[in-house]
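Working notes, structure below.
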Amino acid sequence: MASYPGAKVHRVNRRKLGRGQVPGVASPTLTVTAHSADVARVVSSEPVVWGSLAGMTVATRTYVSAAVVDQSTIDVTFSGAIAGLAYSVPAGVGTSYQGGPTAAKSGTF
C-alpha cells in the first residue's frame, strides 16, 4: 500500500526554456522609398520606437532631419536630391514593442 505523500517525483516542466535560453523576438523589416526629391520615407513592418536615424546614409548627401509620421513611418530629409543614389539604414534604428531591433536595409532609390 502506498503511503502519502509518497516518493518524490521530479518532472520537468516542458513549457519552460532551459537555463540561459531566451525566447526569440522577430525583427521588424524596413521598406525605404523616395517620398519627394530630398525626403526618404522609412516604413516598418510593425509599430516601433524610433531611435536616431542620423546613422542612415545616402551616397554624397548629408542627413538634415527626421520627422515621425506615425508609429511605423518616418520621413528623413537629406541635403539634396536622392533619386538614383544608394542608401543604407543600420540595424537597430528602431525597436519593436516586443524588444526586437529593426533589421538593416540597403539599396538604391
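Things worth noting here:
- Farthest positive-ward along the chain dipole, Cα basis, beta-carbon charges - from SER45, HIS10, GLY84: HIS10
- Summed side-chain charge close to SER27 - residues other than SER27 whose Cβ falls under 14 Å, Lys, Arg +1, Asp, Glu -1: 0
- Entry note, the stretch 30-108: relative contact order of 33 percent, from Cα contacts under 8 Å with a spacing of 6+ residues.
- Since only GLY55, LEU30, SER96 are under comparison, the one whose Cα sits farthest along the positive direction of the charge dipole of the chain, derived from C-beta charges on Lys, Arg, Asp and Glu, is SER96.
- Shape of the chain, Cα gyration tensor, a/c cut at 1.5: prolate
- For LYS105, LYS16, order by how many other beta-carbon atoms lie within 10 Å, fewest first: LYS16, LYS105
- Cα centroid separation, the stretch 65-100 to the stretch 25-50 (Å): 5 Å
No lab work stands behind these numbers, since they all come straight from the coordinates. Everything numeric in this text was worked out from a predicted model, so none of it was measured. Neighbour counts are summed over all protein chains in view; Cβ atoms, including those assigned to glycine, are modelled from backbone coordinates with ideal geometry.
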